[in-house]
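Here is the structure we will look at.
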Amino acid sequence: GNNSATQSPIPVVVSGLSTATSVSSGSSHNCAVLASGGVQCWGSNGSGQLGNNSTTQSLVPVAVSGLTTATRVSSGNFHSCAVLASGGVQCWGNNGSGRLGNNSTTQSLIPVGVSGLTTATSVSAGSSHSCALLVSGGVQCWGLNSSGQLGDETGGTSALAPGPVLPGVCTMDIDGDGVVGTLSDLLMVTRAGMGLSGSSVTQNAVGAQATRSTWIDIRAYLARTCGMRGLAP
């Protein structure tokens, strides 16, 4: 980031950055959030991980296209992600295994929105997957899952969009919003136990900050973590 490709054994000043509030170092690129809400990145760019609509590496910081309200940024191996003030998350770069979280595997040279995230407070871009922390305290991950890195007990199956990390111990917080409610969580358990499925279980029973809001997510939690077998599809 100092307009040179020469290694240095001592710290060097990154060219042009004077209002950075946080920084993240990836395998061969770096990104920084500015006080203005913009993001600038520098380094390798073969997969578009600098987010400036290019695949040309840069020895100095370049602005990530379209980001003006970023609060956090994370640099992975070949992709990057940023949290917005709105609670949304945007990612850019390589999209193998769906690590950008936009229901696609097509790389993007500019930021694209991660599907369904509206309450994120931080994000972490890994080698081939990403995870976001939510206001509720829940965590959602997406991308490669070859070693179970998504935490959903489905190791081997990649996810092109975020899904909740399942707790190792069953709790009655069925929708994952941090609150156990009689007319929400316990109601859904009762409905599921009666053989209902789909919206017949979730209707008017899912919390506003839920990390598990669909019957697919609820059923997976009840079956895998809470041991409820024979649930309706």
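Using the heavy atoms of the protein chains alone and a 1.4 angstrom probe, what is the accessible area of region 112-191 per residue in square angstrom?
42
If you split all Cα-Cα distances of region 176-224 into 10 Å bins from zero, what percentages do you get per bin, shortest first?
Per 10 Å bin, starting at 0, the Cα pair percentages come out as 29, 64, 7.
What distance in nm lies between label points placed 7 Å from Cα along the C-beta direction at V169 and S65?
Here the answer is 4.8 nm between the modelled labels.
Rounded, prolate or oblate, given the Cα gyration tensor of region 82-233, with a/c below 1.5 counting as rounded?
prolate
Between G181, S108, L133, whose Cα lies farthest towards the positive end of the dipole of the chain when Lys and Arg beta carbons carry +1 and Asp and Glu beta carbons carry -1, centred on the Cα centre?
S108
Keeping the other protein chains in place, figure out the carbon and sulfur percent of the accessible area of region 1-121, with a 1.4 Å probe.
The C+S portion of the solvent-accessible surface of region 1-121 is 50 percent.
Suppose R0 equals 35 Å. What FRET efficiency, 1/(1 + (r/R0)^6) with r the Cβ-Cβ distance, do R229 and S27 give to the nearest 0.05?
Efficiency for this residue pair is about 0.25.
If you look at just the Cα atoms of region 1-149, how large are its Rg and its Dmax in Å?
14.5, 45
Do the sum for the chain: with -39,500 (n - 2.57) for every DSSP H run of n ≥ 4, divided by all residues, what is the mean residue ellipticity at 222 nm, to the nearest 500 deg cm²/dmol?
Result for the chain: -2000 deg cm²/dmol, rounded to the nearest 500.
May I ask you to derive the relative contact order of the chain, considering only C-alpha pairs under 8 Å and at least 6 residues apart, and to give it as an integer percent?
Worked out over the chain, it gives 12 percent.
List the residues of region 44-64 whose backbone N lies under 11 Å from a point placed 7 Å from the Cα of S36 along the Cα-to-Cβ direction.
From region 44-64, the list is 63-64.
With r as the distance between the Cβ atoms of Q203 and L17 and R0 = 30 Å, compute the FRET efficiency 1/(1 + (r/R0)^6) and round to 0.05.
Rounded to the nearest 0.05, the efficiency is 0.05.
Would you be so kind as to identify which of T171, S199, V123 lies farthest towards the positive end of the dipole of region 94-233, taking Lys and Arg as +1 and Asp and Glu as -1 on Cβ and the Cα centre as origin?
Going by the charge dipole, the pick is S199.
The values are calculated or read from the model by the stated rules, or taken from the named source; none is laboratory data. Source: prediction; values computed, not measured. Heads up, the Cβs are rebuilt from the backbone with ideal geometry, glycines too, and the neighbour counts pull from every protein chain shown. Ligands, DNA and RNA are stripped out before the accessible areas are found, and what is left, the full protein with its side chains, is counted by its heavy atoms. Shrake-Rupley method; radii C 1.70, N 1.55, O 1.52, S 1.80 Å.
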